[in-house]
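Some notes on the structure that comes next.
Here, each number is a calculation from the coordinates, and none is a lab measurement. Predicted, not measured: the structure shown is a model, and the values here were computed from it. Neighbour counts run over all protein chains shown; Cβ positions are idealised from the backbone, glycine included.
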Amino acid sequence: ERFQVWSEPTIHPHTGQQMLQGSRAIVQGGWLGADQLLGLAALGGAAGEALSIPAIQDDFAPSFLLHRHGLAAGLALWSLQALFLAALLRAAAGAWRCSNEAKDFRRAWIGRFQCFALCGGAAFVAGHLLLSWGTNLAMFPIMGQPMSFLSAGGSHLLFFICPLLAFGMASTQFNEESQSCRSMSNTKS
């Protein structure tokens, strides 16, 4: 059904119209937003036409962002999301390096597990972002995915992004402590 909506949105009254309204909102936003001031003139005011997009709080939040603040703001959000993915992968690479340098099998196992969990989380986030952007840009059928750092999907933030951030920070802290312990033991030797 989702592929049918995607291929012929005009014959599906609810979901197809949702996709078409989202696409119209993006086109109206252009590079600088509907007000041509990156949405600054609209801050604190009514949302206008973009509120006609159904499911604005999650599925089509990027359409609202691109309508109100323009493609420039969309690129800024995309850059933030790409930096988040890069930070997760960097933490995973650090965990892998620590696991290879570990002299204790427990530390090596923990490092490998951290690397696996961080890479898996990064892959999940990348897929999630690809689906969300693809849905809003009409490249994929509507899947109903909230977008990280934008949607009101509280459960997405609470049960996925926040724990992933916490795990990434804990892994980085653990790896830094492991490296400082090794460097101190090397200087004593």
Fill in the blank from the handout: Within region 77-124, DSSP-loop trypsin sites (Lys or Arg not before Pro) with at most 12 other C-beta atoms within 10 Å are LYS103
Exercise for the section: Please work out the FRET efficiency for the pair MET169 and ALA41, using the Cβ-Cβ distance as r and a Förster radius of 30 Å; give the result to the nearest 0.05. Expected result: 0.20
Handout entry: FRET E, pair ARG90, MET139, Förster distance 30 Å, beta-carbon r, rounded to 0.05
Key = 0.60
Fill in the blank from the handout: Once LEU83 and LEU71 are pulled to full extension, the length gained, defined as 0.36 nm per residue separation minus their Cα-Cα distance, is 2.5 nm
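How charged is the neighbourhood of CYS115? Take every other residue with its Cβ under 12 Å from the Cβ of CYS115, and add Lys/Arg as +1 and Asp/Glu as -1. Let's see the in-between values first.
Numbers: positive: ARG90, ARG97, ARG112; negative: none.
Result for the local shell: +3.
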